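The values are calculated or read from the model by the stated rules, or taken from the named source; none is laboratory data. Because the structure is predicted, anything quoted here is derived from the model rather than measured. Note that each Cβ is placed from the backbone with ideal geometry, even for glycine, and that neighbours are counted across all protein chains shown.
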Amino acid sequence: MRTTFLLFAISLFAVPSAAQRHIEFDGLNVPRTVKVPKPIVRLLHDELQRNTELSPMCHVDASTDVSSWFSTSRIDLGERARAYLLTPERACLDAIDHTRFWIARKTPHGYKVILQAGAIVLDALKTRTHGLRDLETNACTAAFCFRRIYKFNASLYETHLCSEGENGGNRTKFHRVPCRQ
């Protein structure tokens, strides 16, 4: 009886939540936990077809099916804010030193990509702007670490604060820098 209760208690904590707030990409794609809604697939297809800088090695034309090019999971942006976190399954879409990702959510006018960025770690913070959690991304090279804070402007996420510091592991001291795209 005691063993059964202990296993039950452990299982309560071992089950991943339906929507994440802390994601460590660490070179691995986020596991596919939900199916990509078809309207989001169309949005990403159109984005890839328009943005040749984003996907110079991936040929995308009108007939290309990109639905298998992404892993999809949920991200917790706040109460009743259902959003999808999409990461690339194709190497030609990913970056060398971080993972590219897209966040899409349903709006009254259909689905919309509200952030496209790259990071090693993505956190949905407790603070909120226009009802959605602020987001923090972190990425490092061998020499420097970079941190960005994004805030929701009632339509999409915008870069709010950028900082960087020499890579000192857990002791990296960040200082504010101008945000660049």
Given the condition assigned to a loop (DSSP other than H, G, I, E, B) and in contact with a Gly (Cβ under 6 Å, 6 or more places away or on another chain), answer yes or no: does some residue in segment 59-71 qualify? no
Would you mind stating whether A95 is without any contact (Cβ under 8 Å) to a residue 24 or more places away in the chain and not charged (D, E, K, R)? yes
For segment 123-143, pairs from a residue that is farther than 15 Å from I75 by Cα to a residue that is assigned to a loop (DSSP other than H, G, I, E, B) and of a type in the set (A, V, I, L, M, F, W, C), with Cβ under 7 Å and 6 or more apart or across chains, are H130/A154; N138/I120; A139/I120; C140/I120
Just to be sure I understand, how many residues within segment 83-93 are over 14 Å from T33 (Cα atoms) and surrounded by fewer than 18 Cβ atoms within 10 Å (Cβ to Cβ)? 3
With the condition kept exactly as written, say whether any residue in segment 57-72 is modelled with pLDDT under 90, surrounded by fewer than 17 Cβ atoms within 10 Å (Cβ to Cβ) and among the aliphatic types (A, V, I, L, M). yes
Please enumerate the residues belonging to segment 28-43 that are modelled with pLDDT of 80 or more and closer than 18 Å to Q116 by Cα. V36, P37, P39, I40, V41, R42, L43
Does at least one position in segment 159-181 carry a residue that is among the basic types (K, R), surrounded by 11 or more Cβ atoms within 10 Å (Cβ to Cβ) and either in contact (Cβ under 8 Å) with a residue 24 or more places away in the chain or part of a strand (DSSP E or B) (or both)? no
Taking segment 97-128, which residues are surrounded by fewer than 18 Cβ atoms within 10 Å (Cβ to Cβ) and either of a type in the set (S, T, N, Q) or assigned to a loop (DSSP other than H, G, I, E, B) (or both)? D97, T107, P108, H109, Q116, T127
Identify, please: which residue in segment 76-96 is hydrophobic (A, V, I, L, M, F, W, C) and outside any helix (DSSP H, G or I) and is, among those, modelled with the lowest pLDDT? I96
Among residues belonging to segment 98-142 that are within 12 Å of the chain's Cα centre (by Cα) and of a type in the set (D, E), point out the one that is nearest to E166 (Cα to Cα). E136
